[in-house]
Amino acid sequence: MLSPILAYLVAMLLLCRVASSQYSSDQCSWRGSGLTHESHARDVEQVYLRCSQGLLEWLYPTGAIIVNLRPNTASQALSGGHLTACIKPASDSRGSNIYLEKGGELRLLLREQDQALGQVHCFGLQEGALFVEAATHQDISRKITAFQYELFSDRQGAELHSLTAARGSISAVEEKEGESAMSVTLSRLYRQKSRVFSSGGGRARRWAGRVKMPLRCGVRGAPGGGEFLFTGTVRFGEAWLGCAPRYKDFLKLYREAVEQGTNPCHIDTE
């Protein structure tokens, strides 16, 4: 788990920061067909996408395509930090292997047979472009490579335009490969840009939903342990959180900051 002070600083930054990163709606997605390569099966086509998120669909893959992911050059909000890209293949994606290409060297990112799992794979844009190479098949019919992508900045640890901030408790924990999937019940919802948490109705305002958190945060075993302050981002329609401090620890440090006049903003703690 993060130390209370470090977790407090991260939570304060995410709660107080109002982000306005915007991307152009142009060049967000690409849809093409390998049939145009039929007479030149080794052709390599360059694809340029300049958005924070989008979709790629490659029908009947032949040859290869190089996918260059970039933020909109008009956006200055991401210029101060490293950019990370995440891709999530469709459950029926097949027909190609996906590599990272830099300086003519390839590094395998996702095999054809693993794409049906629909797992999210992330990499730094400085690691190279996506090299999507058609797998060897005699019959390319019914083969479609498809995946969603999203970009975010490592400078804030999350893409703040999709920030979620909430207070609540953990009701169930399930460990998966590289992550903890949790069911949470919220007593306070500070902010959500996507409706990942639904209200239970009634006089007592309560929300519920499912979130994901890295295994390194140490949220394992039985649920409980009081309330936590959850902050994170929404990726591919799911809430991905950073390591969450216990709310009582956050509250103690926040009140000390208020007394010293060092709190960056006001937060309703009632």
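Bear in mind that the values in this text are calculations on the coordinates, not laboratory data. Fair warning: this is a prediction, and the values are worked out from it, not measured in the lab. Backbone-built Cβ (ideal geometry, glycine too); neighbour counts: all protein chains shown.
Before moving on, here are some points about what is shown:
- The phi torsions of the range 62-70, fed into the Karplus equation with coefficients 6.51, -1.76 and 1.60 and a -60° offset, translate into couplings of 9, x, 7, 10, 10, 9, 9, 9, 9 Hz, rounded to whole numbers, with Gly and Pro shown as x.
- Amide hydrogen neighbours beyond the local backbone of Arg206, cut-off 5 Å, H modeled: Gly200, Gly201
- Distance in nm between pseudo-label sites at Arg195 and Arg107 (7 Å out along the Cβ direction from Cα): 4.0 nm
- In a fully extended conformation the segment linking Thr269 and Cys122 would gain 49.4 nm over its present Cα-Cα distance, using 0.36 nm per residue.
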